[in-house]
Amino acid sequence: MTITAMTILTTTGTIIMLDDFLVRAALAGVGLALATGPLGAFVVWRRMAYFGDATAHAAILGVALALATSLPITLGTLVVALAMALTVAGLAARGWAMDTVLGVLAHSALAFGLVAISFFPAVRNDLSSYLFGDILAVSRLDLALIWGGAALVLGLIAWRWQALLTATLNEDLAHASGLNPARERLVLVLALALTVAVALKIVGALLIAAMLIIPAAAARGLARSPEAMALGAVVLGAASSLAGLQLSLWQDTPAGPSIIVAAAAFFAASAVLGRLRGTV
Amino acid sequence: MSLIAASHLCVRHGPTEVLHDISLALEKGEIVTVVGPNGSGKSTLLRALLGILPAAGGRIARAPGLRIGYVPQRLMIDRILPITLRRFLSLPVRVTDAAAQAVLKRVGLEGQGGQQMAALSGGQMQRALLARALLAEPQVLMLDEPTQGLDQQGEAAFYRLIEEVRAETGCAILMVSHDLHVVMAASDRVICLNGHVCCEGTPQVVSDAPEYRALFGLGTQGALALYRHEHDHDHAGPTEDPHAHDHHGHDHPHHHGHHHHA
């Protein structure tokens, strides 16, 4: 990272500022990976990919709501993402056809959010930062929110790890062991909403689900235990963030998509490696 | 006191009453097999007894602090979830390596702890599920169609294993079977279920039945038994349909009318 900082430093000549924003961006990416790694593993294991999409897309509506009520963006995002996640989880428990429900809710949330935001001309030009993230503009406060949120998600998942894993394998089995699978689902819903709020600034609403799924799927090729896969997802997520950041700086590409491009490259490498080692 | 007892239990799936007025009790150390056609509510009964499904009527009484080991009908583990058999045994309660080794030896999976769960065969998976259930030192073991997908030999071997477990631990066994006629020979009681309890009785050991030997060979070593259904209780009066209970071996009709006399 210092080498990159130095390179840019020589070209522009504003030493401290540059160094600072790069460090902040790198720290933001690593913080996000701490949350998305283990949560992403559960999203993959439980086939919640579209669930993640619906929750993430609701974040745009959350931004509009926050702007309308002059509340902090993170709070608005958190509230709307949580409402969406609870709605979807509730409908799933009632036996709705999830494919259709998620298709309706995910895209409606995004469309409503985009329409609502268009009423705020000041933000209109800034829209792409909500859709694709703006990791290079991460402030100290953002960083505190990202690490605070990630620590919460990590703590929640670590606390419920054994129960979550049992309920993920088989809900009846968990029930017979005296666990409550509905409560474990709620833990994941809560963690998902928190992660969406944390990730919006970094990868943007459109690619949050990708940040959950791709590093976890990439870690599968290298892991033989659930713990190794979750840890691998953290490492690969952090590496994707840093590599994406590099790409974004070099080529002036949007940061969020660049991070996902890096993650996809890791996934491809891991798939080949896993096949060679026979772990998949 | 019974380990677990249901009295006048009714269970609904939405508007449909799946189980009607079920009364049964499981005593210490006994083996009870529940048989019934598809959709007769066998799995529903187990899930209600486990407390997974709520009772719409009647009640379930459990001995205080009852430990139940549950072996579900099937466990689909996708390859996307990497987990070894050894790690699986530590869910949700972590167990020592010594305990894990002992239980794997007990179910005939010695030295297989490093295997990925997704790579286990059907028979191995059933043994793995049994091993995990045994680690909780259950007083009642509930098994939902544990031999589904196993061949006759595998089924007999699994039943012998269950019998040994009962002899060693003294736990009661409640097992659901997909086969209306061939059940575990060691069953103390067989309950025939079809939304309600149709009939109940003892199995008749088949190791000596010539028809059965001719059909399946000698390899079951007395682990399997025939169950003769006696559906002569009063939910269809004998004058209404004299042929309803006229069973011929494997052509079990199960078409008794559900007229319930008050």
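If I take R0 = 45 Å and measure r between the Cβ atoms of B:Q152 and A:R94 in this structure, what FRET efficiency does the formula 1/(1 + (r/R0)^6) give, to the nearest 0.05? Before the final figure, lay out each step's value.
Numbers: r = 42 Å, r/R0 = 0.93.
Once the sixth-power term is evaluated, E becomes 0.60.
With each pseudo-label sitting 7 Å past Cα toward Cβ, what's the B:E137-B:D78 distance in nm, one decimal?
Taking the two extended label points, one gets 3.8 nm.
Would you mind ranking A:T168, B:T202 so that the residue whose beta carbon has the fewest other beta carbons within 10 Å leads the list? Present the calculation step by step, with values, prior to reporting the outcome.
On the way: A:T168 22, B:T202 12.
By the 10 Å Cβ count, ascending: B:T202, A:T168.
Can you give the relative contact order of chain A as a percent, counting alpha carbon pairs under 8 Å and 6+ residues apart? Write out the running numbers ahead of the final one.
On the way: 452 pairs, mean separation 81.8, N = 280.
Relative contact order comes out at 29 percent.
Taking the Cβ-Cβ separation of B:A119 and A:L190 as r and a Förster radius of 41 Å, what is the calculated FRET efficiency to the nearest 0.05?
Numbers: r = 34 Å, r/R0 = 0.82.
Efficiency at R0 = 41 Å is approximately 0.75.
Taking the Cα centre of chain A as origin, sum charge times position over the Cβ atoms of Lys and Arg (+1) and Asp and Glu (-1), and report the length of that vector in debye to the nearest 20.
Values: 14 positive and 12 negative charges, 102 e Å.
My answer is approximately 480 debye.
Which one, B:V182, B:G149, A:W250, is farthest towards the positive end of the dipole of the protein assembly as shown when Lys and Arg carry +1 and Asp and Glu -1 on their Cβ?
A:W250
What's the center-to-center distance, using Cα atoms, between the range A:186-238 and the range A:95-141 in Å?
19 Å
Take every residue in peptide A:174-181, count the Cβ atoms of other chains within 10 Å of its Cβ, and give the average of those counts.
On the way: counts 3, 6, 14, 9, 6, 2, 0, 1.
Per residue, the number of nearby Cβ atoms from other chains is 5 on average.
Using Cα pairs closer than 8 Å and at least 6 residues apart in sequence, work out the relative contact order for the range B:1-54, in percent.
Relative contact order, the range B:1-54: 33 percent.
Once the Cβ-Cβ distance between B:V93 and B:S2 is put in as r, and R0 is 45 Å, what FRET efficiency do you end up with, to the nearest 0.05? Walk me through the numbers before you get to the answer.
Numbers: r = 26 Å, r/R0 = 0.59.
After rounding, the FRET efficiency stands at 0.95.
Would you calculate a helix-derived [θ] at 222 nm for chain A, using -39,500 (n - 2.57) for each DSSP H run of n ≥ 4 and dividing by the full residue count, to the nearest 500? Please list the in-between numbers first.
Working: 14 runs with 234 residues, N = 280.
Mean residue ellipticity at 222 nm (helix-derived): -28000 deg cm²/dmol.
Can you find, among B:Q139, B:S121, A:A150, the residue farthest towards the positive end of the dipole of the protein assembly as shown? Put +1 on the C-beta of Lys and Arg, -1 on that of Asp and Glu.
Of the listed residues, the answer is A:A150.
Is there a simple number for the mean count of other chain Cβ atoms within 10 Å of the Cβ of residues in A:189-198, and what is it? Kindly include the intermediate steps, with their values, before the conclusion.
Working: counts 0, 0, 0, 0, 0, 0, 0, 0, 0, 0.
Across the residues of A:189-198, the mean count of other-chain Cβ atoms within 10 Å is 0.
Explain nothing, just the number: dipole magnitude of the range B:67-142 about its Cα centre with +1 on each Lys and Arg Cβ and -1 on each Asp and Glu Cβ, in debye rounded to the nearest 20.
On the way: 10 positive and 4 negative charges, 8 e Å.
Computed about the Cα centre, the dipole is about 40 debye.
Compute, for the protein assembly as shown, the length of the dipole vector about the Cα centre, with Cβ point charges of +1 (Lys, Arg) and -1 (Asp, Glu) only. Units Debye, rounded to 20. Before the final figure, lay out the partial values.
Values: 35 positive and 39 negative charges, 383 e Å.
Charge dipole, the protein assembly as shown, about its Cα centre: 1840 debye, nearest 20.
Among A:72-83, A:112-123, how do they line up by average Cβ neighbours within 10 Å per residue, starting with the highest?
Numbers: A:72-83: 20.8, A:112-123: 14.7.
Ranked from most to least packed, the peptides come out as A:72-83, A:112-123.
Report, by chain and number, residues whose modeled amide H sits under 5 Å from the one on B:G29, excluding near sequence neighbours (fewer than 5 apart, same chain).
B:A172
Run the numbers on the range B:1-98 and let me know its relative contact order in percent, using alpha-carbon pairs under 8 Å that are six or more apart.
On the way: 107 pairs, mean separation 29.9, N = 98.
31 percent.
Just to confirm a number: summing +1 for Lys and Arg and -1 for Asp and Glu over residues other than B:V140 whose beta-carbon lies under 12 angstrom from that of B:V140, what do you get? Let's see the in-between values first.
On the way: positive: B:K28, B:R62, B:R67, B:R166; negative: B:E27, B:E30, B:E137.
So the environment of B:V140 carries a net charge of +1.
Shape verdict for chain A, please, from the Cα gyration tensor: rounded (a/c under 1.5), prolate (a/b greater than b/c) or oblate. It would help to have the intermediate numbers written out before the result.
Numbers: a/c = 1.93, a/b = 1.22, b/c = 1.59.
Judged from the Cα gyration tensor, chain A comes out oblate (a/c at least 1.5, b/c at or above a/b).
Distance between Cα centroids, the range A:30-83 to the range B:77-144: provide it in whole Å.
After rounding, the separation between the Cα centres reads 36 Å.
PRE reach from A:V123 (point 7 Å along Cα→Cβ): which of the range A:182-200 fall under 17 Å by backbone N?
Answer for this model: A:196-200.
Hey, for a label at B:E164 modelled as a point 7 Å past Cα toward Cβ, could you say which residues of the range B:92-132 have their backbone N under 18 Å away?
So the set is B:99-113, B:123-132.
Can you tell which of A:I135, A:S177, A:A263 lies farthest toward the positive end of the dipole of the protein assembly as shown, using +1 and -1 charges on the Cβ of basic and acidic side chains (Lys, Arg; Asp, Glu)?
Result: A:I135.
May I ask you to sort A:F267, A:F51 by Cβ crowding, counting other Cβ atoms within 10 Å and putting the fewest first? Could you put the intermediate results ahead of the total?
On the way: A:F267 21, A:F51 26.
Ascending number of Cβ neighbours within 10 Å: A:F267, A:F51.
Using the Cβ atoms and a cut-off under 9 Å, what net charge is assigned to the surroundings of B:R47, where Lys and Arg are +1 and Asp and Glu are -1?
On the way: positive: none; negative: A:D172, B:D144.
Once all neighbours under 9 Å are counted, the net charge is -2.
Using only atoms on other chains, find how many Cβ atoms lie within 10 Å of each Cβ of peptide B:86-96 and report the average. Present the calculation step by step, with values, prior to reporting the outcome.
Numbers: counts 1, 5, 4, 0, 3, 13, 13, 4, 1, 0, 0.
Mean partner shielding for this stretch: 4.
Please report the antiparallel percentage of DSSP beta bridges with both residues in the protein assembly as shown, rounded to the nearest 5.
Values: 23 of 41 bridges.
Within the protein assembly as shown, antiparallel bridges account for around 55 percent of the total.
For each of B:C10, B:C198, count neighbouring Cβ atoms within 10 Å of the residue's Cβ, then give the residues from fewest to most.
B:C10, B:C198
Rule-based calculations on the coordinates, nothing more; no lab input. None of the values given here were measured: they were computed from a predicted structure. Cβ atoms come from the backbone with ideal geometry, glycine included; neighbour counts cover every protein chain shown.
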